[in-house]
Amino acid sequence: MSSIRRALAGSHVAAVTIAILLLWTIDGAFRAFWPPFLRATNYVIMAVATLDVSYLHPKLSYVDRSVLLFSCLYVYGTVVSLSAAWILSLWVYRTGPFGVMRRYHVRFKERKIA
């Protein structure tokens, strides 16, 4: 094991970094899928409320394009964050990021606080 890898594993810096990257992954996924979900929910609610299907313009409006663009950017950021967490955890701990978080969860749960 290289000295950098040993130092990262011993100081828990890698585990904290993996946890932060996983939080960024969850945040990015939420930000990517929440606006399209709201727009689809709004469309369904309007269709049910009026008992008719709302008119959809065949071309995307400026708002539709910007929502799609920002959603794609957030998906890209989510994939990058998850990939970084996965690569770091494989390099330092030889297991995936969720295995590392499970191991640290058990370790902190058993720790006695004075």
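Computed from the coordinates by the stated procedures, all read-outs in this text should not be read as laboratory data. Small disclaimer: the values here were computed from a predicted structure and weren't measured. Positions of Cβ are generated from backbone atoms using ideal geometry, with glycine treated the same way; all protein chains shown enter the neighbour counts.
Work from the charge dipole of the chain (Cβ charges, +1 for Lys and Arg, -1 for Asp and Glu, about the Cα centre) and give the residue of Leu38, Thr95, His57 farthest towards its positive end. So the residue furthest toward the plus end is Thr95. Between Phe33 and Ala7, the simple label model (points 7 Å from Cα in the Cβ direction) yields a spacing of 3.9 nm. When the chain is treated as a Gaussian network with alpha carbon springs shorter than 10 Å, the biggest mean-square fluctuation among Gly28, Gly77, Gly99 belongs to Gly99.
Packing-based ranking of 59-71, 9-21 yields 9-21, 59-71, ordered from highest to lowest mean Cβ neighbour count within 10 Å. Helix 62-93 against the longest principal axis of the chain: what's the angle in degrees, Cα atoms only, rounded to the nearest 10? Rounded to the nearest ten degrees, it is 20.
Stokes-Einstein diffusion for the chain at 25 °C, viscosity 0.890 mPa s, with a Kirkwood radius from C-alpha pairs, works out to 142 µm²/s. Pairs of Cα atoms nearer than 8 Å and 6+ residues apart set the relative contact order; for the chain it is 42 percent. Between 0 and 90 degrees, the angle of helix 13-50 with respect to the longest Cα principal axis of the chain falls at about 10 degrees.
What is the sum of charges, Lys and Arg at +1 and Asp and Glu at -1, for the other residues whose Cβ falls under 13 Å from the Cβ of Met101? Please list the in-between numbers first.
Values: positive: Arg102, Arg103, Arg107, Lys109; negative: none.
Charge balance near Met101 sits at +4.
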